[in-house]
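Reviewing the structure listed below.
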Amino acid sequence: MCYANRLFRRIVLLCCALLAGPAFGEDGYELWLRYRQASPNVLQQYRSAVTHIVTNAASPTLAAAQRELERGLTGILGIDIPLREAPAAGAVVFGTPESSAIIAALELPLQEVGQEGYVLRSVAVHGRPAHVIAANSDIGVLYGVFHFLRLLQTEHSFEALDVASAPRIQIRILNHWDNLDRTVERGYAGQSLWDWHKLPDYLDPRYTDYARANASLGINGTVLTNVNANAIALTPMYLEKAAALADVFRPYGIRVYLTARFSAPIEIGGLDTADPLDPEVRRWWKQKTEEIYRYIPDFGGYLVKANSEGQPGPQDYGRSHADGANMLAEAVAPYGGIVMWRAFVYSDEEPEDRAKQAYNEFVPYDGKFHENVLVQVKNGPIDFQPREPFHPLFGAMPKTPLMMEFQITKEYLGFATHLVYLGPLFEEVLDADTYVKGKGSTVAKVIDGSLHGYARTGMAGVANIGTDRNWTGSHFDQANWYVFGRLAWDPYASTRDIAAEWARMTFSNDERFVATVVDMMMKSREAVVDYMTPLGLHHLMARGHHYGPGPWVEGGPRADWTSVYYHRATKEGIGFDRTATGSNAVAQYAPEVAKIFGNLKRVPDEYLLWFHHVPWDYKMKSGRTLWDELVHAYTRGVETVKEMRRTWDGLKDFVDAERHAQVAAFLAIQEKEAKWWRDACIAYFQTFSGRPIPEGYDPPEHSLEYYKSLEFPYAPGHH
Ligand code: GCW
């Protein structure tokens, strides 16, 4: 071979290596649906097991399932996977008994998996080995296809495939806090995906990819608009736009919901009241709802934030939350719609501990809501803090379907740049025992309806999705969308397993990578608790935009928007006394729980300052004083982030350069900001404790005055 030829060959080989190997840059757009070629360990096995797809495009949903199978299998197997009419050896057969004669003949145990579940089986079809993906409905089939592809993506051997899966929660829904001007409240991933201005005429292909990603997790609903609602979203011009989105999402099983501004009858209806007991107001909502269903025949219903943080609501007219919710529930009932009424309420005037207000306002109405109302409760009683005890309402409304509201967008956990995997936070809440019906009455059992026999069940996640190329503002925040969706399907799933699954699909199946990265992810939530709000502290962030520490925040329009209201630091001690000697919020929990939270000796360190005001020299379980423990925890948080950086640096060989570099840069930001949180909080609390920084721990880098002087007028997500 002549030299030029050899050189050419070398260049070609090098390019191939670059394209195939992890050095080839990726921007994260494909999420966990990358469908890269399987590794040599399993490739041959896969290629001989799967040779073709038996076509079945009897509906738009089945057509989507077929497209996904083709796309996925072609990618994973690295060869073209033909579509055939009839099965031969290695067929993938998918469908319902109605759409596929093969599936009808197999007599699979489909009655066990309900309307949205599916069965995956290795079977003989016409005497030849095949794989079937079967369900009672087309959407069940699509979910099954995604599960099947997930098994291949995570390199499962599937010789004797035998899976049956059904969702445990009915409404698995994202809440977009997206405004009509495309800003996103608490959004850190660019603008709103919904390009209202160009809708309904231009349908961005991203809408379809959004639907695919959600369907791959089993998410079946989306609230398009912010809970701080704009009545204009309910005018015909915007309904037409929402309808266009609904048309794109429909084949993927995703229903559209809208937020209802309670004062809409005044603002866009020309009425002079929005009183829910006023006949004209009721008529207006009925007509409006009928109009919405003309645009969107499978409209899911309304999500409402009322009488909270300045939003209008029934209490403006001396009516109750139940009056308001039931009025809307009546309007959507004829069409099978629902109302999700938020319990995130706290009054402007009420001097009561904010942690107690939702319970006080809602418990008296248990059993008074119409059957198509769900009350949507945030995971904790304050507001999506890095750690909160579970919301006491979960143990207190047996006659009202309560649905969970988690926040995926990390408003209080470092926005998009901090690597915090929310799986452990979600799992901790779902596993928490309310004791409402004795031991084992976990929050998961409340919200999946099994404890109280709720007829309706739901889990909502405040979306972290925007126009950023990687959707969520950072690569690792994709894992939070992912884990939310997987838990909404099965709130008992292990979030460690989910992290592993995600990491395999998103980055690499190499065991060395997976084990290391999953450990890092699992530690990350505890780290953010440590460097922001350890030992039960909460609500210490800067005012307004919530970016960075602000434990000194005081004054302003209302006490419960300040930090000093929550930490209550004095020269003597720190923490919010929520025991009987204080606000007695502990009494909102079942006695078994209250006994632990309310007892200084028994309360876990994680909730200490949430429930107790404790002297600085209090002896902790570790033997340290409270002050020393605080410094220790803050420092440990920063140390964990340093360790995460080192870990990530060691994973270069497994990740393409582009994504590796961005994660590394964000971890550097996280370390800087973790240290900022630590130093600012220690400097501030030291003015109360009057104690020295314990030996072996660094003093804050700057003066307290310096930290207080920092301002960020353009921090993202604040509107
Ligand atoms: O977490 C707080 C946010 C507000 C938000 C509110 C809510 C949509 O800071 O931006 O408003 O909660 O959940 O209603």
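A short reminder: the numbers here are calculations on the coordinates, not readings from a lab. What you see is a predicted model, and the numbers here were worked out from it, not measured in a lab. For neighbour counting, all protein chains shown are included, and Cβ atoms are generated from backbone atoms with ideal geometry for every residue, glycine included.
Below, the figures for the structure above:
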{"read-out": "Label-reachable residues, the stretch 241-266, where backbone N falls under 20 Å from a point 7 Å from Lys198's Cα toward its Cβ", "value": "241-250"}
{"read-out": "Antiparallel bridges, percent of DSSP beta bridges restricted to the chain (to nearest 5)", "value": "30"}
{"read-out": "Sites Leu600 and Ala668 - FRET efficiency at Förster radius 51 Å, r taken between beta-carbons, to 0.05", "value": "0.80"}
{"read-out": "Assigned charges on the beta-carbon of Lys, Arg, Asp, Glu; the stretch 242-364 dipole about Cα centre (debye)", "value": "600"}
{"read-out": "Partner aspartates and glutamates for Lys198 [C-alpha distance under 17 Å; skip if fewer than 8 residues away on the same chain]", "value": "Asp178, Asp181, Glu240, Asp247"}
{"read-out": "Magnitude of the charge dipole, the chain, Cβ model with Lys/Arg +1 and Asp/Glu -1, debye to 20", "value": "1160"}
{"read-out": "Net dipole in debye of the stretch 497-642 [+1 Lys, Arg Cβ; -1 Asp, Glu Cβ; about Cα centre; nearest 20]", "value": "340"}
{"read-out": "Order by protection proxy (mean Cβ within 10 Å, highest first), peptides 592-600, 451-459", "value": "451-459, 592-600"}
{"read-out": "Distribution of pairwise C-alpha distances over the stretch 218-352, 5 Å bins, in %", "value": "2, 11, 21, 24, 20, 12, 6, 3, 1, 0"}
{"read-out": "Distant alpha-carbon pairs in the stretch 400-526 (separation over 22 angstrom), percent", "value": "38"}
{"read-out": "Range of Cα positions in the chain per principal axis (Å), largest first", "value": "79, 74, 50"}
{"read-out": "Projected label distance in nm at Asp617 and Arg469, using a 7 Å step from Cα toward the beta-carbon", "value": "5.9"}
{"read-out": "Mean-position separation - Cα centroids, the stretch 57-109 and the stretch 432-447, in angstrom", "value": "41"}
{"read-out": "Highest average packing first - 670-676, 320-326, Cβ atoms within 10 Å", "value": "320-326, 670-676"}
{"read-out": "Fewest-first ranking of Tyr293, Tyr346, using other Cβ atoms within 10 Å as the exposure measure", "value": "Tyr293, Tyr346"}
{"read-out": "Inter-site label distance for Lys652 and Arg624 at 7 Å from Cα along Cβ, in nm", "value": "3.4"}
{"read-out": "Candidate aspartates and glutamates - alpha carbon under 20 Å from Lys621, same-chain residues fewer than 8 apart omitted", "value": "Glu526, Asp530, Glu572, Asp577, Asp605, Glu606, Glu629, Glu695"}
{"read-out": "Order of Leu69, Leu180 under a 10 Å beta carbon neighbour criterion, fewest first", "value": "Leu180, Leu69"}
{"read-out": "Arg182, Arg354 arranged by Cβ crowding within 10 Å, fewest neighbours leading", "value": "Arg182, Arg354"}
{"read-out": "Separation between Cα centres of the stretch 537-568 and the stretch 157-215, rounded to whole Å", "value": "33"}
{"read-out": "Estimated FRET transfer efficiency (Ser157, Asp80; beta-carbon r; R0 25 Å; 0.05)", "value": "0.60"}
{"read-out": "At R0 = 25 Å, FRET efficiency that the Cβ-Cβ distance of Glu309 and Lys286 yields, to 0.05", "value": "0.35"}
{"read-out": "Lys/Arg +1, Asp/Glu -1 at C-beta; the chain dipole; positive extreme among Val429, Gln287, Ala229", "value": "Val429"}
{"read-out": "Estimated distance in nm for a label pair at Thr235 and Ala105, the labels positioned 7 Å out from Cα along Cα-to-Cβ", "value": "5.9"}
